[in-house]
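In what follows, a single structure is set out as structure tokens and then discussed.
The values are calculated or read from the model by the stated rules, or taken from the named source; none is laboratory data. Since this is a predicted model, take the numbers as computed values, not measurements. Cβ sites come from the backbone with ideal geometry, for glycine too, and all protein chains shown count toward neighbours.
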Amino acid sequence: MSEKPIEKMDPIAVDPDFYAMNSNYHTEPQDFASETTSLASTIAKGRLENGRRYQAIKDDDYWGPSDEQQFEAFEIGHMVFLVLDHNEPNPLFSRSYRQFAKDIGTGQGSWAIDVADLYPTATVRGVDMFPPPVTWMPPNCVFEVDDILREWTWREPFDFIHMRLMYGAFDPAGWEKVYKQAYDALEPGGWIEQMELDVRVYSDDGSLKPSHELYGWGDMFIGCSERAGDRSLRTHELMRSQIEKAGFVDVHEVKYKIPLGPWAKDKLLKEAGHLQFAHWNTALEGWAMWLLTHHGIPEPWSKEEVQLFLAKIRTELKNPHIHAYEPANRVWARKPTLEEQKAKDAKIKDAKIKAEPSP
Ligand SMILES: C[S@@+](CC[C@H](N)C(=O)[O-])C[C@H]1O[C@@H](n2cnc3c(N)ncnc32)[C@H](O)[C@@H]1O
């Protein structure tokens, strides 16, 4: 992890002893039947399409499925980020939660559950359009099914708001609304944190070549997302400026390179890469299916075309000679304290008085 731009970060050293990828993780589509959801409602049943289940809380084309296979992928993704942030200074590990934390788009709910476990005196709320498939949660963790774009009605001021992998969830107006609502809902001095992946894949040593399917992977999906109602997957590029624009101060940003597979020499990156390989294998179809069957070019793809393409991607992911990685970044920032806000208001007032023409 580094504060430098990705192109200035050190190349990831390759482990010379790494020859082959033997995965113990699932590489085949899973059984999607729900075992954990007991809510007999349309919301819990979702909407089925191409063998995947999507949210049904609103008439909205969010690209990602909410089904058991994708929940399993979220869980592995959660582990990737835990490994990457091991001992790192970010709010999850270095700050103590005083009262109320909130996880927007909680998915499987793993972040909310872990934070509630770590901070038993805090109340942690996880919100998603689809009910998280949890059978147990700590008593201080609450899950709610809601559309985060609706007006927020939570009464308590939060001291921490978290988002992760919300890429492509909203159009620019939606993002503006989410950051504004987050700002308003935080108490003075409270923090917001967001972690996002760049869906494009790179290599430092040229081992990923234009002839590989993985080479154009990210740009293809960014194109699909931008045709899908301007809900770009470039969230990682835009979030910092949008968070600043919403009024947050003390803005921090760190960047990561996440290897796709255990090819890195560094122990922590090897571990993260192993998990990221499993994350990809489990998540691939969910990432690709809706975007390609609705917004693929030159024409929307068929389910079979998507699956054929994903088979090629899986083969490349297992190729030990491709040293591919995906960048990610984390931004965290603070709502001004009351004193900072008063000083800012006084400055604005002064500037206005000076700008007014004297009688
Ligand atoms: C890619 S998943 C990430 C889940 C989780 N944050 C994680 O890191 O594992 C994005 C989640 O955001 C949820 N989501 C998307 N749009 C939403 C909205 N308008 N309101 C609430 N949740 C939303 C989706 O249902 C999905 O569970």
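For (1) in contact with a Lys or Arg (Cβ under 9 Å, 6 or more places away or on another chain); (2) among the charged types (D, E, K, R), each residue gets a yes or a no:
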{"residue": "LYS245", "(1), (2)": "no, yes"}
{"residue": "ASP266", "(1), (2)": "no, yes"}
{"residue": "LEU269", "(1), (2)": "yes, no"}
{"residue": "ALA283", "(1), (2)": "no, no"}
{"residue": "ASN319", "(1), (2)": "no, no"}
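Taken as a whole, the structure leaves TYR179 outside the set of residues that are within 25 Å of ARG334 (Cβ to Cβ), more than 13 Å from the ligand (Cβ to nearest atom), aromatic (Phe, Trp, Tyr) and free of Cβ contacts under 8 Å to residues at least 40 places away in the same chain. Scanning region 336-356 for residues that are of a type outside the set (Ser, Thr, Tyr) and in contact with a Leu (Cβ under 6 Å, 6 or more places away or on another chain) turns up nothing.
Per-residue answers, yes or no, for (1) of a type outside the set (A, V, I, L, M); (2) within 8 Å of the ligand (Cβ to nearest atom):
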residue	(1), (2)
ASP114	yes, no
LEU118	no, no
THR121	yes, no
VAL124	no, no
MET129	no, yes
VAL134	no, no
MET137	no, no
PHE143	yes, no
ASP147	yes, yes
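Can you pull out every residue in region 259-273 that is buried (at least 23 other Cβ atoms within 10 Å of the Cβ) and in a helix (DSSP H, G or I)? Hits for region 259-273 are LEU269, ALA272, GLY273. Beta carbons closer than 6 Å, at least 6 apart along the sequence or on distinct chains, pair a first residue in region 276-287 that is in contact (Cβ under 8 Å) with a residue 40 or more places away in the chain with a second that is acidic (Asp, Glu) for THR282/GLU72. So which residues in region 187-215 are under 25 Å from HIS78 (Cα atoms), modelled with pLDDT of 95 or more and touching an Asp or Glu at 6+ places or on another chain (Cβ under 8 Å), if there are any at all? Of everything in region 187-215, those that are under 25 Å from HIS78 (Cα atoms), modelled with pLDDT of 95 or more and touching an Asp or Glu at 6+ places or on another chain (Cβ under 8 Å) turn out to be LEU197, ASP198, VAL199, ARG200, VAL201, TYR202, LEU214. Apart from one condition, PRO298 fits all of (1) part of a loop (DSSP other than H, G, I, E, B); (2) crowded, with 21+ Cβ neighbours inside 10 Å; the exception is (2). Could you say which residue among GLU196, GLU187 is surrounded by fewer than 18 Cβ atoms within 10 Å (Cβ to Cβ) and either touching a strand residue (DSSP E or B) at 6+ places or on another chain (Cβ under 6 Å) or charged (D, E, K, R) (or both)? Among GLU196, GLU187, only GLU187 is surrounded by fewer than 18 Cβ atoms within 10 Å (Cβ to Cβ) and either touching a strand residue (DSSP E or B) at 6+ places or on another chain (Cβ under 6 Å) or charged (D, E, K, R) (or both).
Being in a loop (DSSP other than H, G, I, E, B) and either surrounded by 23 or more Cβ atoms within 10 Å (Cβ to Cβ) or at pLDDT 95 or above (or both) is the filter here, so list the residues in region 68-110 that pass it. If you could, list the steps in order and put the result at the bottom.
If we filter region 68-110 for residues that are in a loop (DSSP other than H, G, I, E, B), which is where we start, we get 85-90, 95-99, 105-109.
Result: GLY105, THR106, GLY107, GLN108, GLY109.
GLY174 meets the conditions (1) outside any helix (DSSP H, G or I); (2) within 18 Å of the chain's Cα centre (by Cα); (3) within 13 Å of the ligand (Cβ to nearest atom); (4) surrounded by fewer than 18 Cβ atoms within 10 Å (Cβ to Cβ) in every case but one. The failed one is (1).
What's the total number of residues in region 182-212 that are within 16 Å of the ligand (Cβ to nearest atom) and either part of a helix (DSSP H, G or I) or over 19 Å from the mean Cα position of the chain (by Cα) (or both)?
Going residue by residue through region 182-212, those that are within 16 Å of the ligand (Cβ to nearest atom) are 182, 185, 192-199.
Among the residues that remain, those that are also either part of a helix (DSSP H, G or I) or over 19 Å from the mean Cα position of the chain (by Cα) (or both) are: 182, 185.
Looking only at that region, the number is 2.
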